[in-house]
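The values are calculated or read from the model by the stated rules, or taken from the named source; none is laboratory data. Everything quoted here is computed from the prediction, not taken from an experiment. We place every Cβ from the backbone using ideal geometry, glycine too, and count neighbours over all the protein chains shown. When the accessible area is computed, the model is the full protein with side chains, heavy atoms only, and any ligands, DNA or RNA have been set aside. Shrake-Rupley method; radii C 1.70, N 1.55, O 1.52, S 1.80 Å.
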Amino acid sequence: MSTKNIILITLDGFRKDKIGLCPSLKSIKENSYYFSEMNTIAHYTFAAHHVIFSGMYPSCNGVDGYYKMFNFKKDEITTLAEMLRKNDYYTVSETLDESVLPRQGFDEYNLFDEKTVNLKKRHMELIKKLSKKEKFFAFLHFTDTHLHYVRDIVQKYEKSENDDEYYKSKKENNEKYNASVSSCDEYVSGIIQTLQESNLFEKTVLIFISDHGTGLGEKHGEKFYGVFVYENTINIFCIMHIPGKSPKIISKQCSTIDLFPTIAELAGIRIENKSKIQGQSLLYLIDDSSAKDREVFVETGGLYGPWPSPEKHNIFCVKIHGKKLIYNDAPQTWEFYDLKNDPNELHNIYDERSKQIGDLKRKLISHFKENKIITKLNENTS
Ligand SMILES: [Zn+2]
């Protein structure tokens, strides 16, 4: 296991419910471990990636706000790339901007201009080059779907007075989004083809995730993502192709904080300072049929929307066993959803007297305490 290469690909903003429109992505999904209840911890691009590369919640790694993109605690944290490089991996990153993920630990930290680049061609060539390395880790950022959909919408609804029209145009938004996914599938197919042609497919762990979903107007106030903590933006997917392993769907709940220890285990690396790493390897979820859902905590602070808070996260949720409790710190309101019976979160059934809700509240508050997250609920006690 430990001699394998690792490629981690983010399909930026790719919605889980669109995999079926992409034959190559669907095929690799069906031939891999598929984590159907994967959640992103902070659902905007750079906070999402700093969680993955640190294995820590945003408040612990420093990137816990839109305006804190460069606050990563680099002197205190060993990143995923650093750990792999220390263990003889040649490490490469391909992204569009330095804010997306920390530079430390990469032998090559390449930036591309998403407006002009042909990512399929570029990454196919990169993989061919990497095939000459003994052992490599590559992070590849595919930004086309995000770019096309968001650019389309931003251009159309540039003036905020047009916002209502956006939320009324769900069908049209959905069609626009669908039109943007074919380039993603061509990309996925190109990557897989290159791996096969370079004799790497059987020697490489290949992981596809999305960093967040993309709202299509389902929730008034959230044009794309990062404003609220509803399922359409936080519930993502993870496809993990490990050579020699039979495909399996893993429907236990988990999150992107688990990717760091998973990749370490796949690479045969013992994590040195384990106490700092907050997730758990996903491999236990695959092998242990009695494994339970993992508690998931998600947080954000919007750039826009009803309670913008780019300096500090102010919207939080805890999820377990199909139930979800949301806390909105600006108005100090709570929401509770039964996701099995109400997957679109249309009926807030929060009830102060419910024991189940009380239990989730305590979990959320102790999560705040453990991670030094300050909200109006605990600002006087911390
Ligand atoms: Zn993103």
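Count the net charge of all other residues whose Cβ sits under 11 Å from the Cβ of residue 174, scoring Lys and Arg as +1 and Asp and Glu as -1.
Details: positive: 15, 18, 170, 171, 176; negative: 17, 172, 175, 218.
Net local charge, residue 174 excluded: +1.
Helix 355-370 axis versus longest C-alpha principal axis of the chain: approximately 60°, rounded to the nearest ten.
The modelled label-to-label distance between residue 283 and residue 248, using points 7 Å beyond Cα along the C-beta direction, is 1.2 nm.
Could you work out the relative contact order of segment 193-268, using alpha carbon pairs under 8 angstrom and six or more residues apart, expressed as a whole percent? Don't skip to the end; give the middle numbers.
Working: 59 pairs, mean separation 22.9, N = 76.
This gives 30 percent for segment 193-268.
In this simple spin-label model, placing a label point 7 Å from the Cα along the Cα-to-Cβ direction at both residue 379 and residue 75 gives a separation of 2.9 nm. Taking Lys and Arg as +1 and Asp and Glu as -1, the other residues whose beta-carbon sits under 12 Å from that of residue 205 total +2. Each Lys and Arg adds +1 at its Cβ and each Asp and Glu adds -1 at its Cβ; summed about the Cα centre, segment 1-128 shows a dipole of about 380 debye.
Solvent-accessible area of residue 362, all protein chains in place: 140 Å² (probe radius 1.4 Å, heavy atoms, ligands and nucleic acids excluded). Subtracting the Cα-Cα distance of residue 290 and residue 352 from their residue separation scaled by 0.36 nm leaves 19.1 nm.
Of the residues 87, 100, 116, the one whose Cα sits farthest towards the positive end of the charge dipole of segment 81-129 is 116 (charges of +1 on Lys and Arg Cβ, -1 on Asp and Glu Cβ, taken about the Cα centre). Between the Cα long axis of helix 170-179 and the first principal axis of the chain there is an angle of about 10°, rounded to the nearest 10. Pick out, from 214, 155, 138, the residue whose Cα sits farthest towards the positive end of the charge dipole of segment 118-217, with +1 on the Cβ of Lys and Arg and -1 on the Cβ of Asp and Glu. Of the options given, the answer is 138.
Over the chain, what is the relative contact order in whole percent, taking alpha-carbon pairs under 8 Å and six or more residues apart?
Values: 758 pairs, mean separation 94.8, N = 382.
Result for the chain is 25 percent.
In terms of its C-alpha gyration tensor, segment 44-116 comes out oblate, because a/c is 1.5 or above while a/b does not outweigh b/c.
Once a ≥ b ≥ c are taken as the square roots of the eigenvalues of the Cα gyration tensor of segment 1-127, is the result rounded (a/c under 1.5), prolate (a/b larger than b/c) or oblate (a/b not larger than b/c)? Rounded is the answer for segment 1-127, as its axis ratio a/c remains below 1.5. Pairing the Cα long axis of helix 45-54 with the longest principal axis of the chain, what angle in degrees results, from 0 to 90 and rounded to the nearest 10? Rounded to the nearest ten degrees, it is 70. One chain, two ends: residue 275 and residue 163. Fully extended at 0.36 nm per residue, the span grows by 35.8 nm beyond their Cα-Cα distance.
Mind listing which GluC sites (Glu not before Pro) in segment 123-159 are in a DSSP loop and have 11 or fewer other Cβ atoms within 10 Å?
When the GluC sites (Glu not before Pro) of segment 123-159 are filtered for loop state and at most 11 Cβ neighbours within 10 Å, 134, 158 remain.
Think of a 1.4 Å ball rolled over the protein heavy atoms: the chain then has 43 Å² of accessible area per residue. Bridging of residue 176 to aspartates and glutamates at a Cα separation below 18 Å is possible for 12, 17, 144, 152, 158, 163, 164, 165, 185, 186, 218, 222, once same-chain residues fewer than 8 apart are set aside. When the chain is treated as a GNM with alpha-carbon contacts under 10 Å, the residue of 341, 87, 232 showing the greatest mean-square fluctuation is 341. Model label points for residue 171 and residue 117, set 7 angstrom from Cα along the Cα-to-Cβ axis, are 3.8 nm apart. Using the Kirkwood radius over C-alpha pairs as Rh, can you work out the diffusion coefficient of the chain via Stokes-Einstein at 10 °C, viscosity 1.306 mPa s, in µm² per second? My calculation gives 75 µm²/s for D.
Restricting everything to alpha-carbon atoms, can you work out Rg to Rh for segment 169-272 with a Kirkwood hydrodynamic radius? Can you show the working numbers first?
On the way: Rg = 17.2 Å, Rh = 16.5 Å.
Rg/Rh: 1.04.
Treating only the Cβ of Lys, Arg, Asp and Glu as charged (+1, +1, -1, -1), what charge dipole size does the chain show about its Cα centre? Round to the nearest 20 debye.
Numbers: 52 positive and 54 negative charges, 162 e Å.
For the chain, the charge dipole is close to 780 debye.
Taking Cα centre as origin and charging only the Cβ of basic (Lys, Arg, +1) and acidic (Asp, Glu, -1) residues, the dipole magnitude of segment 267-382 rounds to 360 debye.
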